[in-house]
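Report on the following structure.
The values are calculated or read from the model by the stated rules, or taken from the named source; none is laboratory data. Bear in mind the structure is a predicted one, so any value in this text is a computation, not a measurement. As a convention, Cβ positions derive from the backbone with ideal geometry for all residues, glycine included, and neighbour counts pool all protein chains shown. What goes into the accessible areas is simple: the full protein's heavy atoms, side chains included, and nothing from ligands, DNA or RNA. Shrake-Rupley method; radii C 1.70, N 1.55, O 1.52, S 1.80 Å.
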Amino acid sequence: MAHRVYVRVQVDVDESGKTRPLRIFWEDGRSFAVDRLLDVRRAASTKAGGQGMRYTCRVRGREIRLFEDDGRWFVEARDAAAE
Amino acid sequence: MRTILHSDLNNFYASVECVYEPSLRAVPMAVCGDPAVRHGIVLAKNMLAKRAGVQTGEAVWQAVRKCPNLKIIPPDYPKYLRFARMMKAICAEYTDAVESFGLDECWMDVTGHERGGEAIAGELRRRAREELGLTVSVGVSYNKIFAKLGSDMKKPDATTVITPENYRDRVWPLPAGDLLYVGPSTRRRLAARNIRTIGDIARSPRELLRTALGKSGEMLWVFANGLDQSPVLREGEGEAIKSVGNSTTTARDIVDDAGAHRVLMALADSVAERLRAQGLQGRTVCVSVRDCALYTTSVRHRLDHATALASEICTCAMALFRAHYRWERPVRSLGVSVSALESLEGDVQLSLFADARDRRYDLENAVGDIRRRFGHDALRRASLLGGGEIHFLKEN
Ligand SMILES: [Mg+2]
């Protein structure tokens, strides 16, 4: 299983209102640029619970699923016990 | 014959809570009004609590006595409202005739929709699961009453189809109290006359029900015999219809004009059929396009004459699409609607093309008639058949 980690994100909103995440800020102070946006759709997070617009992003060669849920953003993080 | 869907989100409040806290699925859980107060009541419960005998509407202390390890969650209405709106938005992608019944239920009129009622039901279920994390049960029938009964018959995450052929077997054995508007007092009055099932109501003389229960008795007789004609009301109106529209999300993104044309043709077909079924025609054609980044555009054009012809609606829709869509991204969803409506009858079009148009109306009416009698797939436009690539989502 996984849990939700709410994160700070930097986003771009264009003239049409379309939102695009640019950078994700981790709680330890590191931040990662979103290299590519692979998919956008409304989805429930089956791994971590929660629901929202799901932005599947490529970040440092890895696929990250970033959710926007009612104005807050979260990522799915693996539970410590599972690692 | 109409195609009416009734969708019902299962254990709505409790299910929304489980979306946010999946561990709640493993324990008996109930959403209860003000759990701090011992007199709070159970508003919704999950499957495990249901199995322990917990009932919606009972006092928290009663529920806890039945199920001592019941996890009690306070309600979060803004969150439920948000999910209800999202579900409704999904339904509205298939038809503009979506009538809410409470927060978690709605009817949809999808008569003439290219995909057919059962396939749309399957898609609503899949999309509720994937997009919202919720399950929905759907009844598919030819009137609102049977559609609602259908959504109650099998849950969670199930489709029940009730047809003119099977309603006597499927609906009539159900207790009279399952019928819409039959509350405890009506049920008692019916039972006093030995009317206990929906079939008992249907087989009773209409007169007898009128005598026993007045006008509402007659209404129940109409319901039980599958004769209810009440329309699915559009959002916020019981009065006149302002537009007729259909839209569709395709299984694979549309990548070229030919693909868009096939989808627009199918949508125009369905819109035209619904317009004519309601004796309407319209002057304004509107096309909405949602690309794969979920950005929606909508453009409209006013024709110089009103129409209920699929061919004319499609031509206008395609011209709008070509003129306004620049293919920056593939298309995920398309919609066509016709507004500025007027009555089809009594409209004498004295245009140069009147004769040709009359013949086309005859043709399209004939097509509609064949579809009504032999099913929607009996006749398909040639442009929908070719092309190899199947754009419409097939139910898995
Ligand atoms: Mg429900």
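Note on B:LYS155: accessible area approximately 100 square angstrom, rounded to 10, probe 1.4 Å, nucleic acids and ligands left out. On the basis of the beta-carbon distance and an R0 of 22 Å, A:TYR6 and A:ARG78 show a calculated FRET efficiency of 0.90.
For the range B:172-224, the direction-averaged projected area of the alpha-carbon convex hull comes to 2.9 nm². If you sort B:THR248, B:THR315, B:THR297 by accessible surface, 1.4 Å probe, largest first, the order is B:THR315, B:THR297, B:THR248. Across the range B:162-172, computed HN-Hα scalar couplings (Karplus, 6.51 cos²θ - 1.76 cosθ + 1.60, θ = phi - 60°) run 10, 10, x, 7, 10, 5, 5, 6, 8, 9, 4 Hz from first to last residue, x flagging Gly and Pro. In the range B:83-160, the inverse of the mean reciprocal separation of distinct Cα atoms equals 12.3 Å; this is its Kirkwood hydrodynamic radius. In the range B:50-120, the ratio of gyration radius to Kirkwood radius, Rg to Rh, stands at 1.17 when only Cα atoms are counted. Loop-located chymotrypsin sites (Phe, Trp or Tyr not before Pro) in the range B:132-197 (DSSP state not H, G, I, E or B) with no more than 13 neighbouring Cβ atoms inside 10 Å: B:TYR181. Both the radius of gyration and Dmax for the range B:1-128 are 16.9, 52 Å, in that order, over alpha-carbon atoms. Among the trypsin sites (Lys or Arg not before Pro) in the range B:1-64, those placed in a DSSP loop whose Cβ has at most 10 other Cβ atoms within 10 Å are B:ARG38.
Both chains summed, the buried accessible area for B and A stands near 1400 Å², from protein heavy atoms and a 1.4 Å probe. For the range B:210-227, the residues whose backbone nitrogen is under 15 Å from a point 7 Å from the Cα of B:SER185, taken along Cα to Cβ, are B:213-217.
Over the residues of the protein assembly as shown, the helix contribution to mean residue ellipticity at 222 nm works out to -9500 deg cm²/dmol, using -39500 (n - 2.57) for each DSSP H run of at least 4. Computed over the range A:2-82, the P(r) curve from all C-alpha pair distances, binned at 5 Å from the origin, holds 3, 15, 26, 28, 19, 6, 1, 0, 0 percent per bin.
The residues of the protein assembly as shown have, on average, 49 Å² of accessible surface per residue, using a 1.4 Å probe with all protein chains present. Over the range B:153-304, the fraction of Cα-Cα pairs per 10 Å bin, rounded to whole percents and listed from the shortest bin up, is 9, 25, 22, 21, 15, 8, 0.
In sequence order, the range B:140-147 has phi-based couplings of 10, 7, 10, 8, 5, 5, 6, 4 Hz under the Karplus curve 6.51 cos²θ - 1.76 cosθ + 1.60, θ = phi - 60°, and Gly or Pro positions carry x. Residues of the range B:15-31 buried by at least 50 Å² of accessible area upon assembly of all protein chains, compared with the chain on its own (1.4 Å probe): B:TYR20. Relative protection proxy for B:125-131, B:62-68, from highest mean packing down: B:125-131, B:62-68 (other beta-carbon atoms within 10 angstrom). Rolled with a 1.4 Å probe across the full set of protein chains, the surface gives B:HIS324 an accessible area near 90 Å².
Comparing the full protein assembly with the isolated chain (1.4 Å probe, heavy atoms, ligands and nucleic acids excluded), the residues of the range B:71-100 losing at least 20 square angstrom of accessible area are B:ARG82, B:MET86. For B:GLY112, the residues 5 or more places off, or on other chains, whose built amide H falls under 5 Å of its own are B:THR3.
3J(HN,Hα) couplings calculated from phi for the range A:14-28 with the Karplus curve 6.51 cos²θ - 1.76 cosθ + 1.60 (θ = phi - 60°) are, in sequence order, 8, 4, 8, x, 6, 9, 9, x, 10, 8, 10, 9, 7, 5, 7 Hz; Gly and Pro show x. Amide H to amide H, with H built 1.01 Å from N, A:VAL7 comes under 5 Å of A:TRP73, A:PHE74, A:VAL75, counting only residues 5 or more places away or on other chains.
Each principal axis of the Cα cloud of the protein assembly as shown was taken in turn, and the coordinate range along them, longest first, works out to 75, 70, 36 Å.
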